[in-house]
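> Just dropping this structure here.
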Amino acid sequence: MVKCRADPLLDIPLTLPSDSQPHPPWPDYLQASWLRCAHQTSPHLWHPPHSAKGQTLHSLRQRKRDLLTTGEMALEDLYEYMEGRPCALLLTDESGCLLARAGQGETLAELEALGFGPGAFFSEGRIGTNAVNLAVLEGIPLTVSGPQHFNQALHPWHCCASPVYNSNGRQVAIVALVCKVEAATAGDLALTVSAGRELAHLLQMETLMQESQRHLSELYALLDGMDDGVLAWDPQGKLRYLNALAAQRLRLDPALCLGQPLEQQLLLPQRLRLAIEGQMPLSHVEVTLERIGEQAGEFINALMSLKPLPGPDGVSFIALLHPLDRLRAIHQLRQAAPEIETLVGESSAMRKLLRHARQAAQSQGPILLRGEEEVGKAQLAEAIHFGSERAAGPLITLNCQALPSDRMALELMGSDEAGQERAGKFELAHGGTLVLEQIEYLPAPMQAALLHLLKTGRIQRFDSARILPLRVRIIATTSAALEQRVQEGQFGRQLLYALQACELWVPSLRERTADLPALISQQLAAQGRDPVRQFNRAALDCLLAYPWPGNLGELRSAIEHALLHGGDEPIPPQALPAAIRHGYQRLDDEVVGQPPLTLAQLEHQAIVRCAHACKGQVSLMARQLGIGRTTLWRRLKIIGIDPVDYHD
């Protein structure tokens with residue numbers, strides 16, 4: 001026997017077995033464990049470990065249900081790998097209570113005879129030095145074998161134990177391998193460590209899955225509470241999710257259709273099929289879906305948005321079914337509340353105008369919008385209002401030409417007269433914006449009242465002594481030469497000066513030809529047809545070459561005419577009004593004096609008209625234009641014209 005450190009309290013030497021001499025000295029944790037055990041138990045008497053039983057054990061197993069489920073599976077898989085080796089694999093919680101076990105029946109029976117059954121605690125104070133208890137205390141993998149056990153009843157046994165930690169670094173379990181000393185192998189501790197790490201990985205995966213499941217349940221609860229119907233399908237086209245609202249609107253039974261191909265439930269319109277094939281998103285598109293099967297022939301109108309979700313196995317899709325009344329509300333809102341950013345502004349003239357409009361929206365003074373008729377002054381006025389700090393306030397519009405002079409005072413100023421008590425437009429616009437269209441027709445008395453309001457912020461009701469303080473932004477629009485009207489005495493000079501504090505000129509379509517393609521697309525989309533119709537290249541060239549003396553109003557009418565007469569897709573030139581088709585340009589009073597076409601515009605018109613006349617024959621076009629074929633081909637490429645589009 002070899003002496004170890006003496007117990008200072010009992011004043012007796014503790015000795016290690018002599019057969020331990022060939023081995024390295026025992027670790028400090030083993031020596032410390034022996035010293036503790038000398039105060040608590042006898043090395044010669046065996047006391048079975050304390051054990052949780054009945055309701056206590058049941059409650060413990062319930063609290064550790066996740067650990068038990070994963071741990072039992074891991075122990076069984078590991079022992080199957082060990083091919084019937086005479087050993088036992090144990091799983092305890094962080095307190096050393098035995099929760100699960102697997103292994104050879106004979107080995108398990110011998111351990112059961114010692115008291116190591118379900119619920120047994122590997123307590124050092126009860127059974128002496130043991131690997132499970134030391135792994136709990138030290139937090140490291142270790143081995144206690146043969147005479148290293150304090151109690152002689154455990155000397156025949158060899159035990160390796162390894163702690164298991166969760167993702168937060170907290171110890172949650174101990175994995176142990178127990179066998180007779182003569183059955184021990186050099187790789188037992190490494191095997192136990194691997195088993196502990198594998199169990200930790202499995203527990204972490206289980207935690208992540210539970211967390212994902214919780215988030216998924218929360219997401220499903222959120223989706224079920226949405227005002228939109230939601231359905232999702234996988235890359236194979238199988239329906240994977242359908243909330244209650246989507247099931248109701250599409251009249252589908254989730255129990256029958258989930259997991260089934262979507263195409264077996266609904267016949268999708270071409271636009272939706274093309275978007276799915278091209279993996280393209282859609283936003284608020286009106287579609288008509290058709291039921292398949294027992295309810296075949298039933299049509300369902302829906303407002304749908306589509307979102308592709310790329311993944312490693314392909315592209316899944318999620319679709320939102322918005323109520324149709326929301327589409328109408330959105331259309332009404334967009335029409336009532338345009339934004340400056342939504343106005344077409346590709347040309348330099350419009351970019352400059354919109355930049356100044358944004359600055360004007362942030363100011364407080366009056367604004368004068370000038371330009372030809374139908375150039376979009378009303379839309380710009382509304383956009384300025386909704387882009388200002390007054391956007392939440394009222395927007396009141398009054399056309400000064402639409403009312404006779406004798407009613408203008410009552411309409412603008414309001415009245416206190418008995419039986420005619422009413423608020424005028426000035427009052428109704430308090431806190432917001434009043435748009436006065438065609439202000440050149442405003443009668444002289446109302447011009448004076450408007451000037452007084454701009455100077456003092458107050459008005460006096462018609463036939464009343466009451467003065468009202470108001471906070472209102474005035475936006476006036478005109479297509480007339482106000483300076484000339486001032487000279488003629490028809491418009492107040494001081495009022496013009498007050499309005500010119502912020503004067504914006506809205507360009508005509510002739511001055512913003514770069515905006516024409518976008519404006520044409522906008523007008524086509526505004527017709528509400530599904531799918532949106534398009535012009536072919538020749539028809540588009542006619543539209544781009546025309547000078548548009550009637551501006552946006554004429555453009556809108558021309559597109560409506562083309563949609564009405566164009567039976568094919570895309571729309572051919574023959575569907576356009578004759579004046580536009582033949583490039584006719586009117587020079588009436590409102591066009592005279594306007595800026596002439598640029599050289600680039602004239603060149604574009606000449607080439608387009610020649611392409612029509614020569615039916616796209618390049619050689620003939622080059623002779624008529626008086627230029628070489630190579631030069632013509634280069635110009636055609638620059639301006640984006642394909643002669644083939646003009647062949648009969």
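Each reported figure results from applying straightforward, stated rules to the coordinates on display, with no laboratory input. Values in this document were obtained by computation on a predicted structure and should not be read as measured data. Cβ placement follows ideal geometry from the backbone for every residue including glycine, while neighbour counts extend to all protein chains displayed.
> Please give every one of the lysines within straight-line cross-link reach of Lys377, meaning a C-alpha to C-alpha distance under 29 Å, and leave out same-chain neighbours fewer than 8 residues apart.
Cross-link targets: Lys352, Lys425, Lys455.
> Indicate the gyration tensor shape class of segment 2-207 (rounded, prolate or oblate), computed on the Cα atoms with a ≥ b ≥ c the square roots of the eigenvalues: a/c under 1.5 is rounded; otherwise a/b larger than b/c is prolate and the rest oblate. Numbers along the way, then the final one.
Numbers: a/c = 1.69, a/b = 1.54, b/c = 1.10.
Prolate, because a/c is 1.5 or more and a/b exceeds b/c.
> List every residue whose amide H lies under 5 Å from the amide H of Leu309, counting only residues 5 or more places away in sequence or on a different chain, with H placed 1.01 Å from N in the peptide plane.
Excluding prolines and chain starts, which carry no amide H, the hits are Ser316, Phe317, Ile318.
> Give the cross-link partners of Lys307 among the lysines, using a straight C-alpha distance below 30 Å as the criterion and excluding same-chain residues fewer than 8 apart.
The reachable lysines, counting only those whose Cα sits under 30 Å from Lys307, are Lys238.
> Could I ask something else about it? Using Cα pairs closer than 8 Å and at least 6 residues apart in sequence, work out the relative contact order for segment 339-505, in percent. Before the final figure, lay out the partial values.
Numbers: 286 pairs, mean separation 50.3, N = 167.
For segment 339-505, the relative contact order is 30 percent.
> Taking the Cα centre of segment 87-147 as the origin, how large is its charge dipole in debye, to the nearest 20, when only Lys and Arg (+1) and Asp and Glu (-1) carry charge on their Cβ atoms?
Numbers: 2 positive and 7 negative charges, 6 e Å.
Dipole magnitude for segment 87-147 comes out near 20 debye.
> Oh, and also: Fewest first, what order do Arg510, Arg101, Arg240 take by the number of other Cβ atoms within 10 Å? Don't skip to the end; give the middle numbers.
Working: Arg510 20, Arg101 23, Arg240 15.
Exposure proxy ranking, most exposed first: Arg240, Arg510, Arg101.
> Calculate, for Ala518 and Ala600, the FRET efficiency according to 1/(1 + (r/R0)^6) with r their C-beta to C-beta distance and R0 22 Å; round to the nearest 0.05. Walk me through the intermediate numbers first.
On the way: r = 18 Å, r/R0 = 0.83.
Step by step, r from the Cβ atoms, then E = 0.75.
> Tell me the net charge near Asn399. Cut-off is 15 Å between Cβ atoms, Asn399 excluded, with +1 for each Lys or Arg and -1 for each Asp or Glu. Could you put the intermediate results ahead of the total?
Numbers: positive: Lys377, Arg407, Lys425; negative: Glu373, Glu374, Glu382, Glu411, Glu437, Glu440.
Net of charged neighbours comes to -3.
> By the scheme Lys and Arg +1, Asp and Glu -1, what is the net charge of all other residues having a beta-carbon under 13 Å from that of Leu250? List each step's numbers first, then the result.
On the way: positive: Arg249, Arg251, Arg291; negative: Asp228, Asp253, Glu290, Glu298.
Taking every other residue near Leu250 into account, the sum is -1.
> Continuing with this model, one more query. Give the peptides 56-66, 350-360 in descending order of average Cβ contacts within 10 Å, highest first.
Working: 56-66: 13.4, 350-360: 17.2.
Order by mean packing, descending: 350-360, 56-66.
> Something else: Which shape class applies to segment 513-646: rounded if a/c is under 1.5, otherwise prolate when a/b exceeds b/c and oblate if not, where a ≥ b ≥ c are the square roots of the Cα gyration tensor eigenvalues?
Numbers: a/c = 2.02, a/b = 1.30, b/c = 1.56.
It is oblate, given that a/c is not under 1.5 and a/b is not larger than b/c.
> Follow-up. What are the lysines whose alpha-carbon lies under 25 Å from the alpha-carbon of Lys64, with same-chain residues fewer than 8 places away excluded?
Partners within reach: Lys53.
> Radius of gyration and Dmax for the chain's Cα atoms, expressed in Å?
Here Rg and the maximum Cα pair distance are 44.1, 131 Å.
> For Tyr81, Tyr646, Tyr29, what's the fewest-to-most ordering of other Cβ within 10 Å of each Cβ? Provide the component values of the computation, followed by the final result.
Values: Tyr81 10, Tyr646 21, Tyr29 16.
By the 10 Å Cβ count, ascending: Tyr81, Tyr29, Tyr646.
> Could you run the Debye sum over the Cα atoms of segment 51-109, one equal point scatterer each and no solvent, and tell me log10 of I(q)/I(0) at q = 0.19, 0.29 Å⁻¹, two decimals?
Values returned for q = 0.19, 0.29 Å⁻¹ are -0.71, -1.16.
> Starting from the Cα gyration tensor of segment 400-547, take the square roots of the eigenvalues, sort them a ≥ b ≥ c, and report rounded, prolate or oblate (rounded when a/c is under 1.5, otherwise prolate if a/b is larger than b/c, else oblate). Display every interim value, and only then the final one.
Values: a/c = 2.99, a/b = 2.01, b/c = 1.49.
Taking the square roots of the gyration eigenvalues as a ≥ b ≥ c, segment 400-547 is prolate.
> For segment 2-207, what's the relative contact order in percent, using C-alpha pairs closer than 8 Å and at least 6 residues apart? Present the calculation step by step, with values, prior to reporting the outcome.
On the way: 354 pairs, mean separation 41.5, N = 206.
Once divided by the residue count of segment 2-207, the mean separation gives 20 percent.
> Determine the calculated [θ] at 222 nm for the chain from helices alone, applying -39500 (n - 2.57) to every DSSP H run no shorter than 4 residues and normalising by the residue count; nearest 500 deg cm²/dmol. Walk me through the numbers before you get to the answer.
Working: 25 runs with 266 residues, N = 648.
Roughly -12500 deg cm²/dmol at 222 nm, from the helical runs in the chain.
> What order do you get for Lys455, Lys238, Lys425 when you list them from fewest to most C-beta neighbours inside 10 Å?
Ascending Cβ contact count within 10 Å gives the list Lys455, Lys238, Lys425.
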